[in-house]
Amino acid sequence: MRRFRLPGTWKVRVGYFLLSIFILFTVIGPWVAPYDPSYTGFTPDLSPSSQHLLGTTLLGQDVMSQLLVGCRETLVVSFVAGVIAVVISIIVGLTAGYVGGKTDEVLSLFIAVFLTLPGLVLLIVIISLFPQGQQANPLVIGSVVALTGWAWGAKVLRAQTLSLRNRDFVEASRIIGERRWRTIFAEIGPNLLPVLASSLVGTVLYAVSVSTVLAFLGLTPITTWNWGTMLYWAFANNAALAGEWWWLAGPCLAIALVGTSLALINFGIDEYINPRLRVGNLSNRERKRAGLSRRPKLGFTPVHRVTPVIGAPVMAGAQTGPEVLATEATASTPAPREDHP
Amino acid sequence: MNQIPANDAVVATTNGITRGEVILEATDLVRRFTAKGEGGLFAPKKTLVAVDRVSLALRAGEVVAIVGESGSGKSVLSRLLARIITPSAGTLALRGTPIDLRSRRTTAYANEVQLVLQDPFASINPVRRVGRSLERPLRIHGTPKDQVQARAYEVLESVSLTPPQQYLDRFPHELSGGQLQRVNIARGLSVRPKVLLADEPISMLDVSVRLGVLNLLRELCDAHLLAMMYITHDIASARYIADETAVMYAGQVVERGRGTVVIDAPVHPYTQLLVSSVPDPDQLTHQEHRATTANAVGFNLEGCRFSPRCPHATELCHTSEPPMVELEDGHSAKCWLVADAAQRTAVSMRPGPSSEG
């Protein structure tokens, strides 16, 4: 067995790098923040300087400190929401897809209802049901956001499970005597991972924006610091009209970068799970040199084969002859998933 | 779970299996499928009889070929024998022991009867390395961890994938169709089954590697005293490999015989049609060929199933089902043309076709 290796394209590395920075600040943010984010004693309305890297607010608070402290709540809420939503979508989607029949019809209807419900309105209603003290709890906000965000993932998972259920390898695993739950989780499961990953990424992104919007609208307590409450205060004090761009740029940029990093990581998960996308971990330049197309062509699978070392004992009787990087036509091969262009 | 000794040849003989012994016997297997009827929500459901009273005996060291066109029920038959699909009626006996068909299929049964699927590209999990797919059945069937790899090497060698180390770490998409089908067969064989059911194992392969896989199956059958069922629509390959051939049409066995007699001297009009559709290099002039299919014509459910397509069909064929008639030793056909004259008069003397259903 080869050891687990993270895919090494630049996109993925950038994604890991960005996300790890944000996760680092999620952990240490409140400790490394230069000032107390709620302290109002600085000169108001300063543009970025060495004293205040992201300037100060109209109320005389340090924006950088607010950003660092607020990172924790935003990310914790988003990941809690993402994980809960994915768990719900796995349960509902896999069951609907694998069991089928009446169960599928009922669950599909359920999914459709949640898809068409206006999420934000539902969120506002549900959030208001919680007592004031609970509304700041990341677990509570996360679960409520998950409640409106799981349906899309469930629908995609159901569709993917349906297409996998009748594949020959699923039947083959039954033939060799595999138990049902193992068939679902060990045979179908890994084939669903890219969908799960993209579903997780999508839901976390959704949760970042939704929790931000909730805070921005003042529906969650505005006294705690996250990127949403920062934007709330910025707009409440007309930062945009006053030209205080640094007040807005910080949280907006942070949200965009979190989204970018998750999307980049998703590419990598895709390549790891779908071996067809992994041309021997070659970079674009290396692929070009090897005469391989940079994008998978329809019906053609880029295949990277180990070149046999002449005289090496393992390869001594290789039937397949000297193999080099080759684009092998496998037009009749049903791809495990569509190759991403 | 029992541990499996390391040497194949020893197992095959010391387990008390003798060549020609009946390993898996099916009697009057029936499988019906119900489908939604045409014409609205409350239309009556249609019943399709995919396998209709098929009896079959698979013997150690022998290959039984099942020949038939698409939709003749041969694949369903293989899944009935593998107990992936539950029969609607009929009995199965493994080495003389009747099997309770309502009970769940057990690991022990999977250990004895293995099925090799048609499409090697689809039947091996694309995200797993070949080694994982191959080692999994061994783990399920209780091979100790330290012996799994040795056994995987052994089966890969037995299907002529050498050196085995080279294949275990590959992904399925890195192997060719022929290699994959060998892996597929190796997976079936890894648990040392007594019965191997091969569902069109060569139909998805390049013509150039078909013979190799066929020879491999034959060798494995002889070496391990496997009872093998070989399903195909290619009558030539059946003639090449089989000890016994059965021709299926619309779920029924219409002609069967030992050796090559079915293909060399076909009696049933359907078998004759199948044989004549094989291109004959000695006869290069264009042959007029009936291009009808069962789907175009439909089945006759009352009389002989083949009667709508049969060039020799008589009134009798349309109204009552012919019996299976033994012609000579081990060769029988289900056709009124060869039925005993006494039987024919007995049927035609009856007041008319029964109007049940």
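None of the figures in this text is laboratory data; all of them are computed from the coordinates on show. These figures come from a predicted structure and were not determined experimentally. Glycine gets a Cβ as well: all are built from the backbone with ideal geometry, and neighbour counts include every protein chain shown.
A cut-off of 5 Å between modelled amide H atoms, ignoring neighbours fewer than 5 places along the same chain, links B:Arg129 with no other residue. Scanning residues 5 or more positions from B:Val116 or on other chains, those with amide H under 5 Å from its amide H are B:Leu197, B:Ala198, B:Asp199, with H placed 1.01 Å from N in the peptide plane. For peptide B:121-134, the mean count of partner chain Cβ atoms within 10 Å of a residue's Cβ comes to 6.
Rounded, prolate or oblate, given the Cα gyration tensor of segment B:80-158, with a/c below 1.5 counting as rounded? It would help to have the intermediate numbers written out before the result.
Working: a/c = 2.57, a/b = 1.68, b/c = 1.53.
Since a/c reaches 1.5 and a/b is larger than b/c, the shape of segment B:80-158 is classed as prolate.
Residues of B:103-115, mean number of Cβ from any other protein chain within 10 Å of their own Cβ, rounded to a whole number? Neighbouring Cβ atoms belonging to other protein chains average 2 per residue here. From the square roots a ≥ b ≥ c of the eigenvalues of the alpha-carbon gyration tensor of segment B:129-207, which class results: rounded (a/c under 1.5), prolate (a/b over b/c), or oblate? Here segment B:129-207 falls in the oblate category.
Highest-first packing order for the peptide set A:248-258, A:180-190 is A:248-258, A:180-190, based on the mean count of other beta carbon atoms within 10 Å.
Restricting segment B:93-153 to trypsin sites (Lys or Arg not before Pro) that sit in a DSSP loop and have at most 11 other Cβ atoms within 10 Å of their own Cβ leaves B:Arg102, B:Arg104.
Here the Karplus relation 6.51 cos²θ - 1.76 cosθ + 1.60, evaluated at θ = phi - 60°, turns the backbone of segment B:145-161 into coupling constants of 3, 6, 9, 4, 5, 4, 5, 4, 4, 4, 5, 5, 5, 5, 9, 6, 9 Hz, with x for every Gly and Pro.
Summing Lys, Arg as +1 and Asp, Glu as -1, what charge do residues with Cβ under 9 Å from the Cβ of B:Val148 carry, B:Val148 excluded?
Working: positive: B:Arg139, B:Lys145, B:Arg151; negative: B:Glu135, B:Asp146.
Net charge around B:Val148: +1.
Packing here is the average count of other Cβ atoms within 10 Å per residue, and on that basis the peptides A:41-49, B:16-24, B:181-189, highest first, run B:181-189, B:16-24, A:41-49.
If you take each beta carbon of peptide A:21-29 and count the beta carbons of other chains within 10 angstrom, what is the mean?
Working: counts 0, 0, 0, 0, 0, 0, 0, 0, 0.
Mean partner shielding for this stretch: 0.
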